[in-house]
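Trainee: Got a structure for you, written out below as structure tokens; questions coming shortly.
Throughout, read-outs are computed from the coordinates displayed, never taken from laboratory work. Quick caveat: nothing in here was measured; it's all calculated off a predicted structure. Note: ideal-geometry Cβ built from the backbone for every residue, glycine included; neighbour counts use all protein chains shown.
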Amino acid sequence: MDGEHKTNRYVGIFRDGIWNQNIIFSQTVALCPAMAVTSSATNGLGMGLATTAVLTAANVLISFIRKGVSNEVRIPVFIAFIATLVTLVDMAMNAWAHDLYKVLGLFIALIVVNCAILGRAEAFASREKPLAALVDGIGMGLGFTLALTTIGAIREVLGTGMLFQQAHLFFGPGAKWLEQTVFPGYGGMLMWILPPGGFMVMGMLLAAKRVIETQRSRRPAVNAQVVHC
Amino acid sequence: MTLSEKFDVWRSKMPYQAGSLALVGILTSAALALANQATEKPIADSLQKDLKVSLAQVLPVGSFDNDLAGTTVKHQGRTVYLAKKGGKLTGAVFETSSKGYSGSINVVMAVDPQGKVLGVRVLSHTETPGLGDKIETQKSDWIKSFIGKTLPGAKWAVKKDGGEFDQFAGATITPRAVVKAVHEGLQWYVQENAAILKEEK
């Protein structure tokens, strides 16, 4: 019973990260990197995955030290750990995965300023056990990746008529099939690539999520009425 | 009082907080210092390798047979790599830079002895991904539009400013900066050409 309960809890944490408390679409935090890099689906995906790695590592690390950190100094402690972690990743990649660094390097510095990571440390990892923090980090990270990739894909298709351009630079030649021309001969519409396009796509997706959630919460209510009759 | 209750009391006191913060500071800076030491050499090596690759890229294939990294002249604080074939000078390669949209753009360029651009490559930049990064060869062929240009023979500006180099949709500052860097580099080389050669001998 207890084991099943625990599994359900982890599934719940994961689902919160992907959908219910999605960093972009529900918490609406970390919008600065989100707007900056989602000019294409590939960039969104790359940034999302890099953030997932750092977020998961930071969550687990902070969960391990949570009992030793007193409430009054927790924020500087978390910031020091997160900034160090990102810098270590940055240096290690630059040294030992230099080709990947040349592609992803632009994004790594942006991860430091991602408030979602500090947010998860504060709201979740500092109160929960390492395993739960790990699940939360992966869930939140993948939710973030999903959001960035979706925004990036819509902006890229509307802006250039293509999808996942240059994916092979990130994921090797094997990812060449991801690169698709959605509208052949499309002249492009620059606005979607520029910041206004980012805000518009973001707004529309937020609205769409609200509509889905409202409809979902309405349906059981209707059923309940039927039962009552 | 159990041990954990004692710890709770202790944790809420000032000395513990100051001490733990100091400890975190020491630990993180130690980690960074160690990592810096461990990665410094590999990073420098990779940058050196990148430089070698870029040096070879800006010169036409087969236009030199000497060790570029070994044939250098330091002139006015710039390192100039001299490309030679059969002992005869075929080109000079050097770095130049200018300020882009966010931070400096470093380019390496090759010029032949007559003052014609042989090739240009961007070494490093921090321009907006998806907009300004079309100055990289991996993303677009734009940077090749400099090949064959000479100082008097080309209008050294982007089209928007009345020149002959394309700007990118949504990014004018980045190509403008690269044009400026190459232009200045070429002017410098044409002016200092003789002095550089004299220093080599």
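Trainee: What dipole magnitude, in Debye to the nearest 20, does segment B:72-176 give about its Cα centre under +1 on Lys/Arg Cβ and -1 on Asp/Glu Cβ?
Mentor: Numbers: 16 positive and 9 negative charges, 78 e Å.
Here segment B:72-176 has a charge dipole of around 380 debye.
Trainee: In debye, nearest 20, what is the charge dipole magnitude of the protein assembly as shown about its Cα centre with +1 on Lys and Arg Cβ and -1 on Asp and Glu Cβ, if you could check?
Mentor: Values: 42 positive and 32 negative charges, 74 e Å.
The calculation lands at about 360 debye.
Trainee: Mind checking which aspartates and glutamates have their Cα closer than 18 Å to the Cα of A:Lys6? Skip sequence neighbours fewer than 8 apart in that chain.
Mentor: A:Asp16, A:Glu128, A:Asp136
Trainee: Let me ask something additional. Taking 23 Å as the cut-off for C-alpha to C-alpha distance, list the pairs among B:Lys52/B:Lys144; B:Lys49/B:Lys198; A:Lys176/B:Lys139; B:Lys49/B:Lys84; A:Lys102/B:Lys155; B:Lys52/B:Lys139 that go past it. Walk me through the numbers on the way to the answer.
Mentor: Numbers: B:Lys52/B:Lys144 19 Å; B:Lys49/B:Lys198 29 Å; A:Lys176/B:Lys139 14 Å; B:Lys49/B:Lys84 20 Å; A:Lys102/B:Lys155 32 Å; B:Lys52/B:Lys139 21 Å.
Over 23 Å Cα-Cα: B:Lys49/B:Lys198; A:Lys102/B:Lys155.
Trainee: Counting helices only, and only those DSSP H runs with n ≥ 4, report the 222 nm mean residue ellipticity of chain A as the sum of -39,500 (n - 2.57) divided by its residues, in deg cm²/dmol to the nearest 500.
Mentor: Values: 9 runs with 160 residues, N = 229.
Roughly -23500 deg cm²/dmol at 222 nm, from the helical runs in chain A.
Trainee: Which whole-Hz couplings ³J(HN,Hα) result when phi for each residue of segment B:108-122 is put into the Karplus expression 6.51 cos²θ - 1.76 cosθ + 1.60, θ = phi - 60°, listed in order with x for Gly and Pro?
Mentor: After applying 6.51 cos²θ - 1.76 cosθ + 1.60, I find 10, 9, 10, 10, 7, x, 7, x, 9, 6, 8, x, 9, 9, 8 Hz.
Trainee: Could you list, bin by bin from short to long, the percent of Cα-Cα pairs of the protein assembly as shown in 10 Å steps?
Mentor: 4, 17, 23, 22, 16, 10, 5, 2, 1, 0, 0
Trainee: Can I ask one more? What distance in nm separates the simple spin-label points at B:Val61 and A:Met200, each placed 7 Å from Cα in the Cβ direction?
Mentor: 4.5
Trainee: Compute the projected area of the convex hull of the Cα atoms of segment B:1-88, averaged over all viewing directions, and report it in nm² to one decimal place. Present the calculation step by step, with values, prior to reporting the outcome.
Mentor: Working: hull surface 43.1 nm².
Projected over every direction and averaged, the Cα hull of segment B:1-88 covers 10.8 nm².
Trainee: For segment B:3-45, build the convex hull from the C-alpha positions and give me its volume per residue in Å³.
Mentor: Values: hull volume 2.8 nm³, N = 43.
Roughly 66 Å³ of hull volume per residue.
Trainee: Viscosity 1.567 mPa s, temperature 4 °C: what is the translational diffusion coefficient of segment B:114-182 from Stokes-Einstein with a Kirkwood Rh over Cα pairs, rounded to a whole number of µm²/s?
Mentor: Working: Rh = 12.3 Å.
Approximately 105 µm²/s, per Stokes-Einstein.
Trainee: Pairs of Cα atoms under 8 Å, at least six residues apart: use those to get the relative contact order of segment B:13-142, whole percent.
Mentor: Relative contact order of segment B:13-142: 15 percent.
Trainee: Can I ask one more? Once you put a point 7 Å from the Cα of B:Lys84 and another 7 Å from the Cα of A:Val11, both along the Cβ direction, what distance in nm separates them?
Mentor: Computed distance between label sites B:Lys84 and A:Val11 equals 7.5 nm.
Trainee: Over every pair of different alpha-carbon atoms in chain A, take the mean of 1/r and invert it; report that Kirkwood radius in Å. Walk me through the numbers on the way to the answer.
Mentor: Working: mean 1/r = 0.0522 Å⁻¹.
Result for chain A, one decimal place: 19.1 Å.
Trainee: Calculate the FRET efficiency for A:Cys115 and B:Glu184 from the Cβ-Cβ distance with a Förster distance of 35 Å, rounded to the nearest 0.05.
Mentor: Working: r = 40 Å, r/R0 = 1.14.
Using R0 = 35 Å, I get an efficiency of 0.30.
Trainee: Follow-up. May I ask for the percentage of alpha-carbon pairs in segment B:59-200 that lie more than 23 Å from each other?
Mentor: Numbers: 3326 of 10011 pairs.
It works out to 33 percent of all Cα pairs.
Trainee: With the Cα gyration tensor of segment A:59-158 in hand, convert its eigenvalues to equivalent ellipsoid semi-axes via √(5λ) and list them largest first in whole Å. It would help to have the intermediate numbers written out before the result.
Mentor: Values: eigenvalues 142, 68, 27 Å².
That gives 27, 18, 12 Å for the three semi-axes.
Trainee: Please label the shape of segment A:104-229 as rounded, prolate or oblate, based on the square roots a ≥ b ≥ c of the eigenvalues of the alpha-carbon gyration tensor (a/c under 1.5 means rounded; beyond that, a/b larger than b/c means prolate, else oblate).
Mentor: Values: a/c = 2.18, a/b = 1.24, b/c = 1.75.
Oblate is the answer for segment A:104-229, as a/c is 1.5 or above yet b/c matches or exceeds a/b.
Trainee: Between A:Ala208 and A:Glu179, 0.36 nm times their residue separation minus their Cα-Cα distance comes to what?
Mentor: That works out to 7.8 nm of additional length.
Trainee: OK, next. Could you list the square roots of 5 times each eigenvalue of the Cα gyration tensor of segment A:11-51, that is, the equivalent ellipsoid semi-axes, sorted largest first and rounded to whole Å?
Mentor: Working: eigenvalues 84, 28, 10 Å².
Ellipsoid semi-axes (Å, largest first): 20, 12, 7.
Trainee: Can you give the FRET efficiency to the nearest 0.05 for A:Ala80 and A:Val60, using r as the Cβ-Cβ distance and R₀ = 22 Å?
Mentor: Once the sixth-power term is evaluated, E becomes 0.85.
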